[in-house]
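A short write-up of the structure that comes next.
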Amino acid sequence: MTIAEGGPESILIYAHDPMCSWCYGFRPTWKTLKSQLPEGLPVVSLLGGLADDSDIPMPLEMVDHLKRTWDRIESTCKVPFNHSYWEQSPPPPRTTFISCRAVIAAERIAGRGDAFSERIQDAYYREAKNVWDSEVLCDLAEEFGFNRSSYSEALLSEVVRSVHEEQQSLVKRLQVEGYPSLLLIHKGEAFPISIRHGGAEEILEDINDLLLNRQA
């Protein structure tokens with residue numbers, strides 16, 4: 001598909017959600033890939049979102065599904081999980097949009113969205129913290145060096161909510177079907193890049209091949 005013209009000839013888009021467990025599993029690969037990307041290729045991070053705001057406890061069927069997913073990712077991607085998160089009673093709600101807005105708030109305040117996304121992941125998956133709770137997110141932000149009051153105001157603002165909605169809309173236009181997703185935008189056209197956990201070199205080869213072929 002095509003998107004609006006303008007800006008750099010090529011852009012790499014990374015669509016994700018901090019509370020997406022496969023995004024957490026992909027993190028080591030993504031960090032390696034970013035360090036090896038062609039010089040001058042801009043990277044744009046888009047926050048999609050798996051689940052809308054909710055305070056309803058997660059159904060036990062979903063809890064069981066996510067427990068199995070964590071086990072699979074832990075084995076596949078070799079990243080640690082703190083499974084005590086699932087000892088909560090009642091179960092936590094199925095909601096992730098607020099963590100996406102938390103990253104956007106950090107980006108708007110100090111250009112530190114990517115770093116704060118990693119902090120949310122560590123708090124959630126390694127420390128079993130309820131990062132769907134705005135107060136917990138503000139605790140993390142304060143530990144991260146943000147002014148708590150200013151961060152809380154940004155997190156709960158209509159501006160940040162609007163930015164998230166705009167990013168979600170673009171993710172839909174790009175026909176992203178899951179997280180994490182990578183797309184190379186070249187001359188207004190989007191080319192999906194296959195996600196390979198632990199395969200940064202193969203992903204980089206795909207990107208370089210696309211750039212070379214489209215310039216030919």
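Just so it is clear, none of the values below were taken in a lab; they were calculated from the coordinates. Since the structure is predicted, the reported quantities are computational estimates derived from the model, not experimental observations. Here the Cβ positions follow ideal geometry from the backbone for every residue, glycine too, while neighbour counts run over all protein chains shown.
The figures follow:
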| item | result |
| --- | --- |
| Estimated translational D of segment 1-86 in µm²/s (Stokes, Kirkwood radius over Cα pairs; 10 °C; 1.306 mPa s) | 101 |
| Residue (of GLY199, ASN147, LEU183) at the positive-pole extreme of segment 99-216, dipole from beta-carbon charges | LEU183 |
| Gaussian network model of the chain, Cα within-10 Å springs - most flexible of THR69, THR29, THR96 | THR69 |
| Cα-projected label distance for GLN36 with ASP139, points at 7 Å along beta-carbon direction, nm | 3.8 |
| Viscosity 1.567 mPa s, temperature 4 °C, Stokes-Einstein D of segment 41-125 from Kirkwood C-alpha radius, µm²/s | 89 |
| Hypothetical label at ASN213: residues of segment 27-69 whose amide nitrogen lies under 15 Å (7 Å Cα-Cβ projection) | none |
| Estimated dipole of segment 16-108 in Debye, rounded to 20 [Cβ of Lys and Arg +1, of Asp and Glu -1, Cα centre] | 360 |
| Close Lys-Lys pairs in segment 10-215, where close means Cα under 20 Å and separation is 8 or more or interchain | 5 |
| ALA110 versus GLU87: modelled label distance in nm, points set 7 Å from Cα along the beta carbon direction | 3.2 |
| Kirkwood-based shape ratio for the chain, expressed as Rg/Rh from alpha carbons | 0.97 |
| Cα shape, segment 117-201, gyration tensor, a/c 1.5 rule | oblate |
| Dipole of the chain [Lys/Arg +1, Asp/Glu -1 at C-beta], most positive-end residue of VAL131, VAL163, PRO18 | PRO18 |
| Where no second cysteine Cβ lies under 4.7 Å, the cysteines concerned in the chain | CYS77, CYS100, CYS138 |
| Sparse-neighbour loop sites [GluC sites (Glu not before Pro); segment 105-204; at most 15 other C-beta within 10 Å; DSSP] | GLU127, GLU177 |
| Normalised contact order of the chain, rounded percent, pairs of Cα under 8 Å and 6 or more residues apart | 33 |
| In Hz, Karplus ³J(HN,Hα) per residue of segment 95-108 (6.51, -1.76, 1.60; θ = phi - 60°; x = Gly, Pro) | 8, 9, 4, 5, 5, 5, 5, 5, 5, 4, 4, 5, 5, 5 |
| Spherically averaged projected area of segment 137-180 from its Cα convex hull (nm²) | 3.9 |
| Max mean-square fluctuation residue, GNM over the chain, Cα-Cα springs under 10 Å, options ASP114, ASP55, ASP206 | ASP55 |
| Considering only segment 10-215, percent of DSSP beta bridges that pair antiparallel, nearest 5 | 70 |
| 222 nm mean residue ellipticity, helices alone, for the chain (DSSP H n ≥ 4; -39,500 (n - 2.57); rounded to 500) | -16000 deg cm²/dmol |
| Residue range of the chain that is longest and free of trypsin sites (Lys or Arg not before Pro) which are both DSSP loop and sparsely packed (at most 15 other C-beta within 10 Å) | 79-186 |
